[in-house]
Amino acid sequence: MDTKVFVSDPHHPNEQAIDICSRILLEGGLVAFPTETVYGLGANALNAEAVKKIFLAKGRPQDNPLILHVLDMGMAKEYVTDIPVVAQVLAKAFWPGPLSMIFKKSGVLPPVVTAGLDTVAVRVPDHPVALALIRGCNVPISAPSANTSGRPSPTDGSHVMEDLSGKIDAIIDSGKCRIGLESTVVDLTVHPPRVLRPGGIPFSELSILVKDIEKGFSKAVEEKPRSPGMKYAHYSPDSPMVVVKGDPLDVAGKINALASASSRPGILCSRETYDLYPTGQKLCVGSLLDPGEIAGNLFECFRLFNKLDVDIIYSEYFEILYHGEAVMDRLMKASGYQLIHL
Ligand code: TXA
Ligand code: MG
């Protein structure tokens, strides 16, 4: 299949691209599109055959449900039942934005969208191109991250092309995503509400509005989760990865010792500690004082290591504010929970 590539300014959607891609979606095709978190691989959520193609293109396990992308709560209401008051409060605070809320689904959605579950995750993306696309086809769009299953989520159009070129009908490329980590997923069908995946909205902000909200992911992100929903392999660079936690100077000392015993080590570090590493293929993920920068570059660094031909990656543990929990969740999953705690 020949994948059509459209380029669009993120703030001013390319109208021709939106027209053509809306038509592709309505005809049952797949379109990758930018959101503020990561690129999504979209299909018309009301067309079961189209949604099945998403699982095939990504190599995604059939039992992993998809997020429904809509324009606003009004549109969401057509596809869910039982919207608790807390959802209105969270939507007011965080939509459009990186928060996916799980509701009971209505009968309108085909089962394949939710992998047979009776609940559905819904979000309103905060990206003019994504919103223009939903408006253009006027149906909800089912979209997981637009990567091959198990690979890092795509934060740039070029990442989508690396993984899915030739397997999907079209991609709208708007360059780098603003946040670079996926949405926070919160389950509102249980009491109290539970955060199933840390993401673009930190738990600390949700708990300002929902006092009794709980963490459904490991309390300490470095602990391997036991819950069945977390069973899928995730985000991995091709080489093994080890995370080292402790005082930054001790961490650098330990990583240098480990790196000197490896033949082609990669090192993932902060801007502030970059000069502490004399050898190895170093990548700076961003400043410890700018959590947004680290979140925005993490997945790209994973992909870069694949190109650098390293045989092992040593990463610092990034103790950062705001996006810290989501960043370390992704990093620990990528490492398979290989942690050295000094
Ligand atoms: O930021 C994002 O969320 C991106 C963009 C494209 O919107 N999407 C994304 O989708 O990351 P995906 O499929 O890669 O991750 C969705 C996560 C998965 O862990 C899935 O298991 C969970 O949300 N999920 C979806 N529906 C669910 C449901 N009904 N119950 C429990 N978990 C659900
Ligand atoms: Mg994904």
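The values are calculated or read from the model by the stated rules, or taken from the named source; none is laboratory data. Not measured: the values here are computed from a predicted model. Backbone-built Cβ (ideal geometry, glycine too); neighbour counts: all protein chains shown.
In this structure, does ARG194 turn out to be without any contact (Cβ under 8 Å) to a residue 60 or more places away in the chain and either within 15 Å of ligand 2 (Cβ to nearest atom) or farther than 25 Å from ASP9 by Cβ (or both)? Against the criterion (without any contact (Cβ under 8 Å) to a residue 60 or more places away in the chain and either within 15 Å of ligand 2 (Cβ to nearest atom) or farther than 25 Å from ASP9 by Cβ (or both)), ARG194 qualifies.
Taking the conditions (1) at pLDDT 95 or above; (2) within 12 Å of ligand 1 (Cβ to nearest atom) in turn, ILE213 satisfies each one other than (2).
Taking PRO140 as the residue in question, decide whether it is surrounded by 21 or more Cβ atoms within 10 Å (Cβ to Cβ), under 11 Å from ILE67 (Cα atoms) and either at pLDDT 95 or above or not hydroxyl-bearing (Ser, Thr, Tyr) (or both). Against the criterion (surrounded by 21 or more Cβ atoms within 10 Å (Cβ to Cβ), under 11 Å from ILE67 (Cα atoms) and either at pLDDT 95 or above or not hydroxyl-bearing (Ser, Thr, Tyr) (or both)), PRO140 qualifies.
Would a scan of the stretch 199-209 turn up a residue that is within 12 Å of ligand 1 (Cβ to nearest atom), in contact with a Lys or Arg (Cβ under 8 Å, 6 or more places away or on another chain) and assigned to a loop (DSSP other than H, G, I, E, B)? Looking for residues that are within 12 Å of ligand 1 (Cβ to nearest atom), in contact with a Lys or Arg (Cβ under 8 Å, 6 or more places away or on another chain) and assigned to a loop (DSSP other than H, G, I, E, B), one finds none in the stretch 199-209, hence no. Scan the stretch 164-171 and tell me whether some residue there is under 14 Å from the mean Cα position of the chain (by Cα) and farther than 13 Å from PHE33 by Cβ. No, the stretch 164-171 has no match at all. Scanning the stretch 164-178 for residues that are within 13 Å of ligand 1 (Cβ to nearest atom) and surrounded by fewer than 20 Cβ atoms within 10 Å (Cβ to Cβ) yields a single hit, ARG178.
Under 29 Å from ALA17 (Cα atoms) and part of a strand (DSSP E or B): does that describe VAL120? Yes.
When residues in the stretch 132-172 are screened for being more than 11 Å from ligand 2 (Cβ to nearest atom) and part of a loop (DSSP other than H, G, I, E, B), 10 of them pass.
If you go through the stretch 53-106 and keep only what is crowded, with 20+ Cβ neighbours inside 10 Å, among the basic types (Lys, Arg) and free of Cβ contacts under 8 Å to residues at least 40 places away in the same chain, you end up with just LYS105.
Specify the residue that is nearest to TRP95 (Cα to Cα); the eligible residues are those in the stretch 179-192 that are part of a loop (DSSP other than H, G, I, E, B) and within 12 Å of the chain's Cα centre (by Cα). Applying the filter and picking the extreme gives SER183.
If only residues of the stretch 145-163 that are away from ligand 1 (no atom under 13 Å from the Cβ) and closer than 23 Å to ASN44 by Cα are counted, the one that is surrounded by the fewest Cβ atoms within 10 Å (Cβ to Cβ) is MET161.
Evaluating ASP63 against the criteria (1) assigned to a loop (DSSP other than H, G, I, E, B); (2) out of contact with any Asp or Glu (no Cβ under 6 Å at 6 or more places or on another chain); (3) away from ligand 2 (no atom under 16 Å from the Cβ) leaves one unmet condition, (3).
From the list LEU276, LEU288, the one residue that fits, being crowded, with 17+ Cβ neighbours inside 10 Å, within 26 Å of VAL195 (Cβ to Cβ) and either modelled with pLDDT of 95 or more or out of contact with any Pro (no Cβ under 9 Å at 6 or more places or on another chain) (or both), is LEU288.
With the condition kept exactly as written, say whether any residue in the stretch 99-117 is in contact with a strand residue (DSSP E or B) (Cβ under 6 Å, 6 or more places away or on another chain), assigned to a helix (DSSP H, G or I) and at negative phi. Within the stretch 99-117, one or more residues are in contact with a strand residue (DSSP E or B) (Cβ under 6 Å, 6 or more places away or on another chain), assigned to a helix (DSSP H, G or I) and at negative phi. Residues of the stretch 87-121 that are among the polar types (S, T, N, Q) and either within 16 Å of ligand 2 (Cβ to nearest atom) or closer than 19 Å to GLY74 by Cβ (or both): GLN88, SER100, SER106, THR114.
Could you grab me the full set of residues in the stretch 293-342 that are surrounded by fewer than 16 Cβ atoms within 10 Å (Cβ to Cβ) and either acidic (Asp, Glu) or assigned to a helix (DSSP H, G or I) (or both)? Result: LYS307, ASP309, ASP311, GLU319. Among the residues of the stretch 311-325, those identified as of a type in the set (A, V, I, L, M, F, W, C) and at pLDDT below 95 are ILE320, LEU321. Looking only at residues of the stretch 20-45 that are surrounded by fewer than 19 Cβ atoms within 10 Å (Cβ to Cβ) and in a loop (DSSP other than H, G, I, E, B), we find that the one that is farthest from ligand 2 (Cβ to nearest atom) is GLU27.
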